[in-house]
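> This structure is in structure tokens; I'll ask about it shortly.
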Amino acid sequence: MKKERSLAARWIQYGALMLIVQLAVACSDKTVPAAPVGNGSVVADGGRSTVPASDERLIVAFGDSLYAGYNLDQDKGLAPVLEGALKARGVKARVVNAGVSGDTSAAGLVRLAFTLDGLSKKPDLMMVGLGGNDMLRGLAPAETRSNLNAILTELKKRGIPVLLTGMLASPNMGPDYAAAFNPIFPELARQYDATLYPFMLDGVIGDRALQLPDGIHPNDKGVTVIVGKLTPIVAKALQP
């Protein structure tokens, strides 16, 4: 019962914070985008080569600010921390940061082919984390579903395995919006046989010690929590 009350309190806080973010547009599309992924000669991720070694698996983290490492030091974002955690488990992998702060699912769809065509080889796993900014802007869930569907269709056509990291609608969006938005990720994961991580901010949202001052994005400690939950899922998704 105490745990349920705590969870409910966090959801109320989540709703209030999301309303603030909607008004302030914390994930503004005016944020400077990340450097594009290169064709083997271009270097992204603040000097980290995007080209995996011959014995490394290639993982592309394709998403929005939660992937891009919003307001974090270059070595504290999702991609480098996940790469280190995988190597600590004995999984040799290069995790390329293809996150762009402010991206909606529509913006992600527009840059998908450019990102894939610029890689040195076909990814062993594509992490897709888009839709949060759609929700913040109150875009129609049907649009989000359509864009994500197109992204997953292209990845399936190219034979690239997918790990889809989901998002949940803020309570202040109302029950009708949540009823249309929240099922998008599990339903598409089932449709495309993708691995699903249901809620990207699980364990972080509502805990100010794990968040930046905006109350939404994870700080370096929050990224560590997220990576701790994601790493075994990613490792399993890489298995033949």
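> Give ASP220, ASP202, ASP214 a once-over and let me know the one that is in contact with a Lys or Arg (Cβ under 8 Å, 6 or more places away or on another chain), touching a residue at least 60 places away in the same chain (Cβ under 8 Å) and of a type in the set (D, E, K, R).
Details: ASP202 fails: touching a residue at least 60 places away in the same chain (Cβ under 8 Å); ASP214 fails: in contact with a Lys or Arg (Cβ under 8 Å, 6 or more places away or on another chain).
None of the other options fit; the residue is ASP220.
> Among (1) among the hydrophobic types (A, V, I, L, M, F, W, C); (2) surrounded by fewer than 24 Cβ atoms within 10 Å (Cβ to Cβ); (3) under 19 Å from THR195 (Cβ atoms), which single condition is VAL110 missing?
Here VAL110 meets the rest and fails (3).
> Which one of ALA235, ALA189, ALA194, ALA209 is of a type in the set (A, V, I, L, M) and over 15 Å from MET126 (Cα atoms)? Give the steps one after another, and end with the answer.
Numbers: ALA235 fails: over 15 Å from MET126 (Cα atoms); ALA189 fails: over 15 Å from MET126 (Cα atoms); ALA194 fails: over 15 Å from MET126 (Cα atoms).
Just one listed residue meets the conditions, ALA209.
> State which residue pairs qualify: first residue within 17 Å of ARG190 (Cβ to Cβ) and modelled with pLDDT of 95 or more and inside region 132-159, second residue among the charged types (D, E, K, R) and surrounded by 15 or more Cβ atoms within 10 Å (Cβ to Cβ) in any location, beta carbons under 7 Å apart, and separation of 6 or more residues or different chains.
Pairs that qualify, where the first residue is within 17 Å of ARG190 (Cβ to Cβ) and modelled with pLDDT of 95 or more and the partner is among the charged types (D, E, K, R) and surrounded by 15 or more Cβ atoms within 10 Å (Cβ to Cβ), are THR144/ASP134.
> Okay, moving on. Quick check on my filter: what residues within region 113-131 are touching an Asp or Glu at 6+ places or on another chain (Cβ under 9 Å) and under 16 Å from ALA189 (Cβ atoms)?
Correct list: GLY129, LEU130, GLY131.
> For region 135-166, how many residues meet the condition of being touching a strand residue (DSSP E or B) at 6+ places or on another chain (Cβ under 8 Å) and over 29 Å from LYS121 (Cβ atoms)?
Within region 135-166, residues that are touching a strand residue (DSSP E or B) at 6+ places or on another chain (Cβ under 8 Å) and over 29 Å from LYS121 (Cβ atoms) number 0.
> When ASP193 is evaluated against the numbered criteria (1) touching a residue at least 12 places away in the same chain (Cβ under 8 Å); (2) under 17 Å from VAL234 (Cα atoms), which criterion, by number, is the only one it fails?
(1)
> I'd like the full set of residues that are at negative phi and part of a loop (DSSP other than H, G, I, E, B), limited to region 187-215.
Once the filter is applied, which keeps residues that are at negative phi and part of a loop (DSSP other than H, G, I, E, B), region 187-215 yields ALA194, PRO198, PHE199, MET200, LEU201, ASP202, VAL204, ILE205, ASP207, LEU212, PRO213, ASP214.
> Quick one: count up the residues across region 54-100 that are polar (S, T, N, Q) and at pLDDT 95 or above. Don't jump to the end; show me each part of the working.
So in region 54-100, the residues polar (S, T, N, Q) come out as 54, 65, 71, 74, 97.
Next, from what is left, pick out any that are at pLDDT 95 or above: 65, 97.
The total comes to 2.
> Follow-up question, since we're still on this one. Residue under question is ASP220, and the condition is that it be farther than 24 Å from GLY77 by Cα and either of a type in the set (Lys, Arg) or at pLDDT 95 or above (or both); does it hold? Don't jump to the end; show me each part of the working.
Working: farther than 24 Å from GLY77 by Cα: no; either of a type in the set (Lys, Arg) or at pLDDT 95 or above (or both): yes.
When the stated conditions are applied, ASP220 does not pass them.
The values are calculated or read from the model by the stated rules, or taken from the named source; none is laboratory data. Model, not experiment: these values are computed from the prediction. Note: ideal-geometry Cβ built from the backbone for every residue, glycine included; neighbour counts use all protein chains shown.
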